[in-house]
Every structure is written in structure tokens, then in C-alpha cells.
1. Read through the list (1) open to solvent by 30 Å² or more (accessible area, probe 1.4 Å); (2) out of contact with any Cys (no Cβ under 7 Å at 6 or more places or on another chain); (3) not in a strand (DSSP E or B); (4) not charged (D, E, K, R), then give the number of the only condition that residue 262 fails.
2. Could you check region 173-253 for strands (runs of 3 or more DSSP E) lying wholly inside it with 2 or more residues that are under 16 Å from residue 153 (Cα atoms)?
3. Would you mention how many residues in region 105-140 are hydrophobic (A, V, I, L, M, F, W, C) and closer than 15 Å to residue 77 by Cα?
4. I want to confirm something. Restricting to region 190-206 and keeping residues that are of a type outside the set (Val, Ile, Thr) and open to solvent by 30 Å² or more (accessible area, probe 1.4 Å), which single residue is nearest to residue 260 (Cα to Cα)?
5. Looking at region 128-147, which of its residues are within 15 Å of residue 96 (Cα to Cα) and touching a Leu at 6+ places or on another chain (Cβ under 6 Å)?
6. For residue 242, are the conditions met, namely being open to solvent by 30 Å² or more (accessible area, probe 1.4 Å), touching a residue at least 60 places away in the same chain (Cβ under 8 Å) and touching a helix residue (DSSP H, G or I) at 6+ places or on another chain (Cβ under 9 Å)?
7. Can you name the residue in region 109-136 that is of a type in the set (Asp, Glu) and without any contact (Cβ under 8 Å) to a residue 60 or more places away in the chain and, of all such residues, is farthest from residue 62 (Cα to Cα)?
Amino acid sequence: MASRNSPRWLWPLLASAALAACSSETPPAASSKAVRVLDNRAAPAPAAVLEESERQRRVLAFLSGRYGAAASGSDAWRDQWHDSEVQALRPVHRHLCGNHAVMVDGVQHSLLAVCANLDEAASPEPGRIDFIVLRATAGDGLEVVMERLNDAHGSHGVPGEVSVLQLGAQRYGYRIDSGWFGQGYSLQTQSLLAMTGDGLHEAGSLRRHIDNGGAYDCASEDCAGKLFDVDFRLTADASQPDLAIWPLQVSESGTDCAGPLAREHRLAFDPVQGRYRIPETLQREGCL
């Protein structure tokens, strides 16, 4: 949401982007942000750790079964996405934007992310990401442990970039880096999804980078004392590796309106809310 420090011309654009990102779409086969968790009591014994070539072969077989024969582990493929707001199929390009093997409780899991870029998107429209956690079966395939579908991220129909972050002794999550760019402003965000016992859940969101170095309004007014260029570097603090959930460290550096900036933040996890406690200063859109 726009703060009082944001340029007035930016407020309606950010409001539109926020509304688009919070909208809920429903594909024909599953609801938006659907979370499916495997009943572990009924599951067959998982297979041993797979050789990477075999894991990749099974991942490709899974993608083909889920998204069709055109699905690829390396290239984008054309597809259609059901937009429930307009009740129509829209053209998209999907690609495998995350594919990581991790060990959880001694069992190998594959954390996949399938990104969908909307081909004909308006500026505020986010892209979509399917997050899918798999594990090997005792046979010849991969089974879904949990999934979260059609998550909205980014702008201009592009969802951003996905990486995997270890968040605790036996806990992993996805980090999604996305952003909005316009009128010489850059507003980039990093969001976390954490694996828990009952699915993939939002664990927090904070800025990754903000700047107004190319602000168009500086052409017609004096911008001295109004320019900012700040990076927010996030890492998980593994100094106590046996902790179930590690705190986060955020290094804030760059230039604020008042001059050079260097700050450190330590973010604790709130077990009641199921999220990291993130102060407003790490969610800002401009100077402090």
C-alpha cells in the first residue's frame, strides 16, 4: 500500500497493483492458492535418494502429466490460463522457474515452481506461479506432498524469480523476487512461502530494492534530498542450526534522502501468527 511518503502520482498505480495481486482466480481443475497435503499415514515408503539424472527424468514426466506434452524442463511452452474475472482463457507462456532437491527428515523432496507469464497483461497485472513439493515414490514416479497454485506475484504479467531458502533445521521455503517499475521508480519485493506440516504458507514479505534514480518528476523540480537507492539483503541466520525455525537477518544499505545508509535487522518468527515479524521500515516505498 502507498505510504504518505510516496509520490502522489504513484498512489493509484500501487493501489491497482495491490488489488490485482490480491485477486483470486480459479482454474478449471483447482482453486486459486489451493493447498494439497498428502496424508502421510497412507503413503507408501519413499524411495531412496535419487540420482540427479533420474530425479530430472521424473520431474519432466510429472510436468508432462500435469501441463501436457509441450511442458519442458528447460524451455518455455505455450499454454492457456483460465481467468475467472473475465471468464475466459488467456494465453500464457509457462516455464519451470524453480527445481531444487532438498532433504527433509531424511527424505528427498523436489521443490518445483512453474511460472506463468501473461502474454497480454496490463501494467498492474501480476503473473502466476504454481508451487509444487514432490517426493519420490517406491515405484517410478513422484507424488505431490503439497502444492499452492496460481499465486499472484509481480507486474506486467511477469511473476518474478524464484529461489529456495532453508529456514530451519528441517524447514525450507520459497523466496519470490518480484517488482514494479514505472515513471523512473523501482519497487522490488521479496516474499517468503514456508513449508509447514499443513502446507505452504506466506511467511512474510519485505522490500528487496527501492530507488527513484530515474524519477520523471525530477525533470521539473529540484530533487535534492529526495533521491533514494536502497538494497535489502536477506539471509537466514543458521548460527544455531538445530533450531526448528531460524531468524532472518536483513542488511539495509545504500543511500537514503539523508545520505549513506547502513542498518542491520534481525527478524524473529512469530509462532502464533506463523510469520516473521517484519517492521514497517522494511516494507516502505521511499525514504525513512
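1. Unmet condition: (3).
2. Once the strands (runs of 3 or more DSSP E) in region 173-253 are filtered for at least 2 residues that are under 16 Å from residue 153 (Cα atoms), what remains is 185-196, 199-211.
3. Matching residues across region 105-140 total 6.
4. The residue in question is 205.
5. Hits for region 128-147 are 130, 131, 132, 133, 134.
6. Values: open to solvent by 30 Å² or more (accessible area, probe 1.4 Å): yes; touching a residue at least 60 places away in the same chain (Cβ under 8 Å): yes; touching a helix residue (DSSP H, G or I) at 6+ places or on another chain (Cβ under 9 Å): no.
So residue 242 fails the test.
7. 120
Residue by residue, here is whether (1) among the acidic types (Asp, Glu); (2) crowded, with 21+ Cβ neighbours inside 10 Å holds:
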| residue | (1), (2) |
| --- | --- |
| 84 | no, no |
| 120 | yes, no |
| 130 | yes, yes |
| 135 | no, no |
| 140 | yes, no |
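The values are calculated or read from the model by the stated rules, or taken from the named source; none is laboratory data. In this text, all values refer to a predicted model and were calculated from it rather than measured experimentally. Cβ atoms come from the backbone with ideal geometry, glycine included; neighbour counts cover every protein chain shown. The accessibility values were calculated without ligands, DNA or RNA, using every heavy atom of the protein model including side chains. Shrake-Rupley method; radii C 1.70, N 1.55, O 1.52, S 1.80 Å.
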